[in-house]
Amino acid sequence: MRAPHYSKNTNEIFSPEFINNPFPLYAHLRAEKPISEIGNSGFFLVTSSEFIREILKREEDFSANLVGVLYKTSEGFPGSFDFPDTGATSVIATADGEDHARHRKILSPAFTQQALVNFENYIRDIAQEGLNELLFDRGGSCIQFIEKIPALAVAKLLGLPCGESDQFTKWAMIGGYMLAGEVSAKELENLARETSAMKSYLSMHFDQSHCLDSTISKPLLKLLHSECNEGTITKDEAIGISVILFGAGGESTSALMGSCIFYLASLPKIQEELRSNLQLIDKFIEEVIRLSPPFKFHYRSVRSSCKIGSYDFSPGQKLMLSWDSANRDETIFEDSDNFSLNRKRPKNHMGFGRGSHFCLGAVLARLETKVMIEELINRTSNIRLQNTPSYFTSIFVRRFNSLNISIEI
């Protein structure tokens, strides 16, 4: 049996109403159509936590390789934008089996809490510098503030010189633009050129890894260069991993920070609780991730003829595992649409994925976000929204395009 269509309106997934508030439709789909096809695109939206967990365990049937993405065609309908099979995108998050395990084993030691503890002061310095401008103006746009922190943190981790922050910020956002779903051919060409420039820049510093930032014990580019010399990975894999780190570590953390500021400014009682007890910040961050995961979903491609529940799937079809929906699944979370600092298992969400592909940079993202919130709370007496913020038009990433706050000191 083939899965039903997700909506009578084929283009609903691209509508501003859905991008701003997809949750009513997700609730309907969880109850009536936990797996549903998006038009005739060959993409299927998976909205139930149960089916998502099952798919993540069945790597033999469902590949993490990014072979194509959903986009709006020139005729205005959902279609598949397929990528050439070069292997260049099959690294870390989009790799399978032994390749994924090999890449993860190389990088994991650099992303432990112990390894990142010395990063806290650097992150705090960046946050304080950006916050100084907001404090001087008693508020304003948060976008530059929240984009710069993770971009510079990833650059520092790689060992890159810190004097090119504007370029790093631009590169950190490229992936989100490419996966947004509504990108013209001309825009794709520009993004492709920027991606090529980023790869060339990273390749140059990879080749000169002996000259990288010496203020951290072993920059990741130097680590990747060593592994390449030992034959553990190829240079193409090393550069691909570096590109993924920029995008996944930059845009996702920036999106998380924006959501944290939004909830902090929108929920005065919650803000008051955090101001009276900074120990609640960790729970606050987890609840924000649950309600507004930076990445709304991740793709999986069908490897072989198989079933999920009673539905049949064929090789080449693609799934969209909706973290947005799973994180509000009523069978998992009580009062799932509302914000609560009192959940017994605050990390029991899928905002950082799940299973073997759980986000490698989760510890770093949490650290950056916690430091940012601490600085914002410690240096203000109140923050509130100046106006209604707007989301970046994207089916893939949940981040603000505008977010303006007023600050009381």
| field | Which listed residue, of E227, E182, is more than 17 Å from K156 (Cα to Cα), over 25 Å from the mean Cα position of the chain (by Cα) and either of a type in the set (D, E, K, R) or assigned to a loop (DSSP other than H, G, I, E, B) (or both) | value | E227
| query | Here is a list of conditions, (1) under 21 Å from the mean Cα position of the chain (by Cα); (2) loosely packed, with under 12 Cβ neighbours inside 10 Å; (3) modelled with pLDDT of 90 or more, and N65 meets all of them except one; can you say which number that is? | reply | (2)
| remark: Among helices (runs of 4 or more DSSP H) completely within segment 106-177, the ones holding 2 or more residues that are within 27 Å of H298 (Cβ to Cβ) are 113-116, 143-158, 165-172
| remark: I285: passes all of (1) of a type in the set (V, I, T); (2) farther than 23 Å from N118 by Cα; (3) out of contact with any strand residue (DSSP E or B) (no Cβ under 7 Å at 6 or more places or on another chain) but (2)
| query | Looking at segment 254-283, which of its residues are in contact (Cβ under 8 Å) with a residue 40 or more places away in the chain and among the hydroxyl-bearing types (S, T, Y)? | reply | S254, S259, Y263, S266
| remark: Among I289, I270, I244, the single one that is surrounded by fewer than 23 Cβ atoms within 10 Å (Cβ to Cβ) and either touching an Asp or Glu at 6+ places or on another chain (Cβ under 8 Å) or closer than 26 Å to V46 by Cβ (or both) is I244
| said: I'm trying to understand the selection: among the residues of segment 184-237, which are more than 19 Å from A172 (Cα to Cα), hydroxyl-bearing (S, T, Y) and at pLDDT 90 or above? | reply: S226, T232, T234
| field | Subset of segment 339-377 (residues that are touching a Lys or Arg at 6+ places or on another chain (Cβ under 6 Å) and in a loop (DSSP other than H, G, I, E, B)) | value | L341, P346, H349
| Answer from S305, S292 - the residue that is over 28 Å from P24 (Cα atoms) and either free of Cβ contacts under 8 Å to residues at least 12 places away in the same chain or touching a Lys or Arg at 6+ places or on another chain (Cβ under 8 Å) (or both) | S305
| Residue check: is S301 among the hydroxyl-bearing types (S, T, Y), more than 27 Å from M178 (Cα to Cα) and either surrounded by 20 or more Cβ atoms within 10 Å (Cβ to Cβ) or at pLDDT 95 or above (or both)? | no
| query | Can you name the residue in segment 143-153 that is farther than 13 Å from E375 by Cβ and in contact (Cβ under 8 Å) with a residue 40 or more places away in the chain and, of all such residues, is surrounded by the fewest Cβ atoms within 10 Å (Cβ to Cβ)? | reply | I143
| remark: Checked segment 68-94 for anything among the aliphatic types (A, V, I, L, M) and at pLDDT 90 or above; matches are V69, L70
| note | Residues of segment 110-142 being farther than 15 Å from I383 by Cβ and in contact (Cβ under 8 Å) with a residue 60 or more places away in the chain, in sequence order, are A110, F111, T112, Q113, L116, N118, F119, E120, I123, R124, Q128
| task | Among the numbered conditions (1) surrounded by fewer than 19 Cβ atoms within 10 Å (Cβ to Cβ); (2) not in a helix (DSSP H, G or I), tell me where T380 comes up short. | result | (1)
| query | If you go through segment 19-54 one residue at a time, how many are part of a helix (DSSP H, G or I), at pLDDT 95 or above and either under 22 Å from Y71 (Cβ atoms) or touching an Asp or Glu at 6+ places or on another chain (Cβ under 7 Å) (or both)? | reply | 6
| request: Say whether the condition of being of a type in the set (G, A, S), part of a helix (DSSP H, G or I) and out of contact with any Cys (no Cβ under 6 Å at 6 or more places or on another chain) is met by at least one residue in segment 65-85. | output: no
| said: Quick check on this structure: which one of R104, R53 is of a type outside the set (F, W, Y) and under 23 Å from V154 (Cα atoms)? | reply: R104
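The values are calculated or read from the model by the stated rules, or taken from the named source; none is laboratory data. These numbers were taken from a predicted model, which means no experiment stands behind them. Here the Cβ is made from the backbone with ideal geometry for all residues, glycine too, and neighbour counts use every protein chain on show.
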